[in-house]
Amino acid sequence: MVKKRGQDEEWVEEYFKNPGYGPPDGTIVSLTEDEARDHVEMLCEKLYDDDVKRRYKAAEALAPYIADQKYLPEELPIHPATVLALAILKNSNDRMFCVSCARSLGMMGAHAAPYASAALAKAISISSTELRYEAILSLRRFGPKAAPEAAAALAWVVTEDAEARLRREAVKALAAMGEAAVAAGGVAVARACSDEDTDVQVVAIRALADLGPTNAEQAGPALKEALEKGSQEIRRFAVNTVIKLGPPVAQWTGAILSQFLKNEPGNDPKLRTKAAEALMVLGPDVCYENE
């Protein structure tokens with residue numbers, strides 16, 4: 001939709017003042033099955049309405065049905081996630097509206113990933129912090145299916161964004177994508193293990209376990225540094241990740257873990273116990289090498 005800049009605020013206000021297409025009391029669960037099917041049928045018809053605002057509202061109202069995969073026709077005329085993705089791309093200046101669309105897409109979860117991942121990845125580059133935050137949260141809910149189109153954009157946030165909150169959530173989103181995000185995001189998550197913000201460090205160290213052993217070449221050195229230079233808390237998180245990743249990171253972490261076994265002043269007893277557990281997971285060869 002093409003609008004003059006001066007009309008943006010009026011358009012958004014009108015959009016939110018007018019009622020949407022939800023049930024009268026706003027609660028989907030209050031509908032009977034027949035009412036819910038009628039509701040979905042009406043909303044699907046609105047997806048092709050001449051009024052673009054009606055299309056957007058219908059798509060948002062369908063979000064809980066998409067999430068639950070209930071009462072939907074065998075074939076949708078157009079997926080509501082496509083409608084909302086286009087809405088974000090065409091109305092990027094309308095912050096409140098785009099945030100609302102992003103939240104609806106997040107509600108749909110993985111079902112929206114094939115239709116909206118690219119649009120949300122592009123939204124990450126938009127200057128509005130709130131929209132970028134909501135886009136990242138929705139991509140996290142999309143999971144592995146979003147990785148091909150969104151992992152690179154999330155990796156950029158992790159390494160380059162000035163806001164720690166956004167870096168932290170971007171790491172979580174990459175972790176939710178798992179091994180599918182390794183190619184584009186593995187390096188970024190490993191670098192985040194030494195982020196200036198402690199919360200980002202913790203999230204990144206834990207995320208290495210979610211990315212899996214295929215990222216060992218990046219995870220190993222990052223965990224070694226965390227074990228050598230981190231606080232006691234950071235070290236405990238790192239040891240837990242070593243336990244989850246196992247032998248693929250042994251060459252980087254075995255020696256330092258063995259040092260934690262020594263009963264010396266200042267050594268954390270809990271860390272010593274976890275280090276022993278980690279060495280058992282890494283295998284007998286590592287234990288023998290570091291006796």
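FYI, it's all coordinate maths here, none of it is from the lab. Model, not experiment: these values are computed from the prediction. Every residue, glycine among them, receives a Cβ derived from its backbone with ideal geometry; neighbour counts consider all protein chains shown.
Per-residue Cβ neighbour counts within 10 Å put 90, 224, 262 in the sequence 262, 90, 224, beginning with the fewest. Angle between the Cα long axis of helix 164-177 and the longest principal axis of the chain, 0 to 90 degrees, nearest 10? It is inclined by approximately 90 degrees.
Using alpha carbons only, how many degrees (0 to 90, rounded to 10) separate the axis of helix 182-192 from the longest principal axis of the chain? For 182-192 against the chain, the angle is about 60 degrees. When the Gaussian network model of the chain links Cα atoms closer than 10 Å, the mean-square fluctuations of 93, 263, 240 top out at 263. Once the Cβ-Cβ distance of residue 159 and residue 231 is raised to the sixth power relative to R0 = 30 Å, the FRET efficiency obtained is 0.85. Rounded to the nearest 500, the helix-only mean residue ellipticity at 222 nm of the chain stands at -21500 deg cm²/dmol, with each DSSP H run of n ≥ 4 adding -39,500 (n - 2.57).
Considering only alpha-carbon pairs that sit under 8 angstrom and 6 or more positions apart, the relative contact order computed for the chain is 10 percent.
The angle separating the long axis of helix 250-260 from the principal Cα axis of greatest extent in the chain is about 60 degrees.
When 130, 60 are sorted by how many other C-beta atoms sit within 10 angstrom of their C-beta, beginning with the fewest, the order is 130, 60. In terms of distances greater than 26 angstrom between alpha carbons, the cross-link table entries 70/172; 145/229; 224/270; 145/224 yield 70/172; 145/229; 145/224. Taking 200, 249, 281 as the candidate residues, the one with maximal mean-square fluctuation in a Gaussian network model of the chain, Cα springs under 10 Å, is 281.
If I build a Gaussian network model for the chain, linking alpha-carbon pairs within less than 10 angstrom, which residue out of 107, 177, 96 has the largest mean-square fluctuation? Greatest mean-square fluctuation among the candidates belongs to 96. The residues packed around residue 181, meaning those with a beta-carbon under 13 Å from its beta-carbon, carry a net charge of 0 if Lys and Arg are +1 and Asp and Glu are -1. If you plug the beta carbon distance of residue 217 and residue 78 into 1/(1 + (r/R0)^6) with R0 = 35 Å, you get a FRET efficiency near 0.25.
Take the Cα of residue 179, go 7 Å toward its beta carbon, and the backbone nitrogen atoms of the stretch 229-245 under 16 Å from that spot belong to 244-245. In this simple spin-label approximation, residue 152 and residue 38 carry label points 7 Å from Cα along the Cα→Cβ vector, and these lie 4.9 nm apart.
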